[in-house]
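First the structure, in the form of structure tokens, and then the observations on it.
The values are calculated or read from the model by the stated rules, or taken from the named source; none is laboratory data. Being a predicted model, the structure only gives us computed values, none of them experimental. Ideal geometry is used to build each Cβ from the backbone, glycine not excepted, and the neighbour counts take in all protein chains shown. Just so you know, the surface numbers come from the protein's heavy atoms only, side chains and all, with ligands and any DNA or RNA stripped out. Shrake-Rupley method; radii C 1.70, N 1.55, O 1.52, S 1.80 Å.
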Amino acid sequence: DYNGTFDEVTTKAKRSAGFTMTGSATQVIAQAGQTTTVQIALERLVSKVAVQATTDSKFASAYPGRVRIASATVSRAASSVFYSGETMPLSAAQTFSHTQAAKEQSGKYANLFYIYGNEDDKAAESVLLTLEGIYDHDGDFGTTDDQMPVSYEIELAGDSGKAINRNTYRRVTVNISGLTGADVAVTITPADWEGPFNQDVNIGM
């Protein structure tokens, strides 16, 4: 429900009710006649992953043409998640995938996804990002006889090699220096999402 085209997901929450959020707090109830203030920090159940891909100077010096990224796919993401944040069991499906057409912006190719985090320590369950595109030898994409498909695969691990956690925002910068999957340099930068929303609840009056 959260994913769609790049233009859809960058303008507002595509899910009609917005982001599903959860939170909890423990608070001692005040004495009779006094107000008990409970502050609950809410977290989104999803993580936001922004991707920007471009060719670098090494590519320009080695190849005469250009690469155009047509689409990006995230796969091996969790298909479900607990509200309360505990680790999903080993049998939980890591089968969610979504393909989105890349948005070209000044020679760079952008994508944006929302995924459930694989909240555990198993590196084998890192989310997979696959970029599909076309290499054009003369740089003129209007002619097709000098084109070949290219594909780049990148594993998206979370902090310290762990899987990606909920309510996080990661900017994935992909620098392409060649025509094979090994010819990419990836930088993953944690970024700020909006701050926590606090809900005050008065109980024990």
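Scanning the range 22-36 for residues that are open to solvent by less than 60 Å² (accessible area, probe 1.4 Å) and within 41 Å of the chain's Cα centre (by Cα) returns Thr22, Gly23, Ala25, Thr36.
Among the criteria (1) loosely packed, with under 12 Cβ neighbours inside 10 Å; (2) modelled with pLDDT of 95 or more, the one Ala124 does not fulfil is (2).
Conditions tested, residue by residue: (1) at pLDDT 70 or above; (2) within 15 Å of Phe59 (Cβ to Cβ); (3) open to solvent by 40 Å² or more (accessible area, probe 1.4 Å).
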{"residue": "Leu112", "(1), (2), (3)": "yes, no, no"}
{"residue": "Gly133", "(1), (2), (3)": "yes, yes, no"}
{"residue": "Asn175", "(1), (2), (3)": "yes, yes, yes"}
{"residue": "Ile188", "(1), (2), (3)": "yes, no, yes"}
{"residue": "Gly204", "(1), (2), (3)": "no, no, no"}
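Among the residues of the range 53-72, those that are crowded, with 19+ Cβ neighbours inside 10 Å and not small (Gly, Ala, Ser) comprise Thr55, Phe59, Val67, Ile69.
Scanning the range 95-108 for residues that are within 17 Å of the chain's Cα centre (by Cα) and open to solvent by 40 Å² or more (accessible area, probe 1.4 Å) gives Thr95, Phe96, Ser97, His98, Thr99, Ala101, Lys103.
On inspection, Val81 passes the criterion of being more than 19 Å from Leu112 (Cα to Cα) and open to solvent by less than 30 Å² (accessible area, probe 1.4 Å). When the residues of the range 37-52 are filtered to those that are more than 29 Å from Val127 (Cβ to Cβ) and open to solvent by 30 Å² or more (accessible area, probe 1.4 Å), the one that is farthest from the chain's Cα centre (by Cα) is Thr37. Contact map, the range 102-117: first residue over 18 Å from Gly158 (Cβ atoms), second residue small (Gly, Ala, Ser) and in a loop (DSSP other than H, G, I, E, B), Cβ cut-off under 7 Å, separation 6 or more or different chains; pairs are Tyr109/Ala102; Ala110/Ala102; Asn111/Ala102.
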